Amino acid sequence: MALTVAELIGRQLAALDETGQLDWSLVRSDCELHDHELLDSPVHRGREGWKRWVADCRQAFGDYSLERCGELEVDDSRVLTLHRLRARGRASGVELERTDAQLWTFSEGPLARMDYYPDYRADERSWLRPDGSRARIS
């Protein structure tokens, strides 16, 4: 019996909470991670790409916490999770606090893609891009 998208995201979030890692048995080998924080951010592919992205985030921030504060099933293959980011730049010391979103896309079971959007605006269901324009869930 196939897992629902709610069950799939539940298992991934539980794995992240318990181990700090995804449940890799439920991730496609060609999974893509798109970080929309920087315009020129590369697409991170597969397990190694995901690990590089996490390492880069940890390197950029001296203090860092990401508290999950909600989730929304968008459709039968996507779930949006909301997070409160609190961080301090390692080099600059600048403090940052904002609500970010992650859009998780599953394909016939396994995780196929995750899009990370900074500065989520719940009232508009959109994200502020670095250039000031807004991105919306399609």
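For this structure, a couple of remarks:
- Segment 46-55 - phi-based ³J(HN,Hα) in whole Hz, Karplus 6.51/-1.76/1.60, Gly and Pro as x: x, 4, 5, x, 4, 4, 5, 4, 4, 4
- Split the accessible area of the chain by element, probe 1.4 Å, and carbon with sulfur accounts for 48%.
- Dividing the summed -39500 (n - 2.57) terms of all DSSP H runs of n ≥ 4 by the residue count of the chain sets its mean residue ellipticity at 222 nm at -7000 deg cm²/dmol.
- Full extension of the chain between residue 77 and residue 95 yields a length gain of 3.0 nm, computed as 0.36 nm times the residue separation minus the alpha carbon distance.
- Amide hydrogen proximity for residue 113: with H placed 1.01 Å from N in the peptide plane, the residues at 5 or more positions away or on another chain lying under 5 Å are 32, 105.
The values are calculated or read from the model by the stated rules, or taken from the named source; none is laboratory data. Keep in mind the model is a prediction, meaning the values are calculated, not measured. All accessible areas refer to the heavy atoms of the entire protein, side chains included, with ligands and DNA or RNA removed. Shrake-Rupley method; radii C 1.70, N 1.55, O 1.52, S 1.80 Å.
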